[in-house]
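**Q** Take a look at this one; I'll ask things after.
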Amino acid sequence: MASALGWLDHDANAQAKTLDILALFQQKESRDELGIGAIRDSFAEQLFPGTSTIQTRLRYMLFVPWIYQRLENKRISAANFGIQADRDERALIIPLSKLEEDSAGTFGKNSREKLKRLPSSVYWSGLRRWGIRETSCSQEEYHRRVDELYRMRREMNEREYQEKNRGDMGDTSSYKPPQSWHSSLPAPPPNFPNGATFALTRQEASFLRDRIQVSCKGSLLAWLTLHSEPADVSSPWEHPDYARFPDELKELLTHARLFSYAMHGAALLYNYLLAKERADNDLLSQHHDSFVAWFNALPREDIAIWSLDHMWILTAGPDYSISQKTRRFVEQWIDLIRQASGALLTSKEACALIRAREIALKGPRSRFKNRRALEQWSGSAGTLRLVYRWNNVQIVLKDLAQGLRREEC
């Protein structure tokens, strides 16, 4: 039986999600003010596994393992491993920032030495989801226990050597040393990280596409990387190849689309109520117009026959716990949409629902209860329509397609 490195760390996934959430709070339109993030993330992860809204360029999926693999090859001790990894990741900023036409997406391009979150922490979960990272532990645990990894490899090599000398070779697969990274990971360029670019070689692109196909079967991400060219559209359900999508993906997208349309209105009403609370007439007018435009564009017939029971089945899963209170809030809001004849913005029931939901989530920090919190409101929070990481996924698909078309030197 082959050896496997699988340090137990129950908090690794939770930690990655927490870091993602903290980063999202820096983006006002992405904030989950009404507690629907678990539903949003369930759709997003089923459609585009391993991606996130704070990932930038696809080649970071190789930059990170290249850095760590090189440190392992040098046998950098646990005491210095994290420090050296930090230095090597920051060293990427300089060559990537110098790219004249393709520096977009460079971590630390503007903040430089003040960069707080390194690419490795942003891509750590995705590397595991795509099967590029084979160790299941958290990043910090990996740093702390790398000496144990070296010891396990050394013992395995010594055992193989001794048994070869005795002529007692059994199943050779049992001598496979534990690995942190996929065995077919392409080698980095000879001068890496100097001269680093975001341009994937064809070999690198093929490797990443294969990882997606194996690890993300049945997802829209896997289908698009194999059957479609990149498309510049504002949401996945507007893709020009939508008619060719497998039926199960079209069904999932139908629910994701209707959820996006419906909950967009709840976010707009929330901001309208805050503008009213702050007596800001300019913002009040702005959010009033946005809500009216949303209401007039609603796909009413689709929402009228939408099966929420089926949506709950599709979004259920161990990684995304959707509480009964959240379900009830969503169901009540959609019932109000279905019943509304045009006066939803002034509906006492609708306004009370939004207020009660935010107060229940935030308690004394509620902007309806806390004047300081209201004053700190930027004027717009969570007002972009949900597209389930699509903007970032389009960059992934474009980088991949360009790599697959590239002629090898």
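Each value in this text was obtained by applying a stated rule to the coordinates, not by laboratory testing. Bear in mind the structure is a predicted one, so any value in this text is a computation, not a measurement. With ideal geometry, Cβ positions are generated from the backbone for all residues, glycine too; neighbour counts draw on all protein chains shown.
**Q** From the Cα gyration tensor of region 270-314, with a ≥ b ≥ c the square roots of its eigenvalues, which class applies: rounded if a/c is under 1.5, or else prolate if a/b is larger than b/c, or else oblate?
**A** oblate
**Q** Go ahead and set up a Gaussian network model of the chain, Cα springs under 10 Å, then flag whichever of ASP399, ASP280, ASP88 fluctuates most.
**A** ASP280
**Q** Quick one: Cα centre-to-centre distance for region 310-340 and region 245-309, in angstrom?
**A** Each part reduced to its Cα centre gives a spacing of 14 Å.
**Q** Going toward the positive end of the dipole of the chain, with +1 on Lys and Arg Cβ and -1 on Asp and Glu Cβ, which of TYR123, LEU96, ALA275 do you reach last?
**A** Of the listed residues, the answer is ALA275.
**Q** Hey, another quick one. What helices does the chain have that are whole DSSP H segments, at least 24 Å long along their own axis by Cα, and with mean Kyte-Doolittle hydropathy of 0.0 or more?
**A** 247-277
**Q** Still on this structure, please answer the following. Between GLU349 and SER111, how many nm apart are label points set 7 Å from Cα along the C-beta direction?
**A** Going by the 7 Å Cα→Cβ label model, 4.5 nm.
**Q** Another question about this same structure. Just LEU34, LEU308, LEU115 to compare: in a GNM of the chain, with alpha carbon springs under 10 Å, which one fluctuates most?
**A** LEU115
**Q** On to the next question. Of TYR60, LEU336, LEU361, which is farthest on the positive side of the dipole of the chain, counting Cα position, with +1 on Lys and Arg Cβ, -1 on Asp and Glu Cβ, and the Cα centre as origin?
**A** Positive-end residue among those listed: LEU361.
**Q** Still on this model: Please state the charge dipole magnitude for region 62-194, taken about the Cα centre, from unit charges on C-beta atoms (+1 on K and R, -1 on D and E), reported in debye and rounded to the nearest 20.
**A** Computed about the Cα centre, the dipole is about 320 debye.
**Q** Going by Cα centres, region 341-406 and region 98-132 are how many Å apart?
**A** Using only Cα atoms, the two centres lie 25 Å from each other.
**Q** If we sort 356-366, 342-352, 211-221 on the protection proxy, mean other Cβ atoms within 10 Å, highest first, what's the order?
**A** Working: 356-366: 15.0, 342-352: 13.5, 211-221: 18.7.
Top to bottom by mean Cβ count within 10 Å: 211-221, 356-366, 342-352.
**Q** Suppose every Lys and Arg Cβ carries +1 and every Asp and Glu Cβ carries -1, with no other charges. What dipole size does the chain come out with about its Cα centre, to the nearest 20 debye?
**A** 1040 debye
**Q** Also, I was wondering about something else. Using alpha-carbon pairs under 8 Å, 6+ residues apart, how would you state the relative contact order of region 288-391 in percent?
**A** Relative contact order for region 288-391 comes out at 17 percent.
**Q** Going by a ≥ b ≥ c, the root eigenvalues of the Cα gyration tensor, does region 315-383 fall in the rounded group (a/c under 1.5), the prolate group (a/b larger than b/c) or the oblate group?
**A** Taking the square roots of the gyration eigenvalues as a ≥ b ≥ c, region 315-383 is oblate.
**Q** Considering the options THR201, GLN402, SER136, tell which one lies farthest towards the positive end of the dipole of the chain, charges being +1 on Lys and Arg and -1 on Asp and Glu at the Cβ, about the Cα centre.
**A** The residue sitting most towards the positive pole is SER136.
**Q** If amide H atoms are built 1.01 Å from N in the plane of the peptide, which residues on other chains or at least 5 residues away come under 5 Å of the amide H of TYR320?
**A** none
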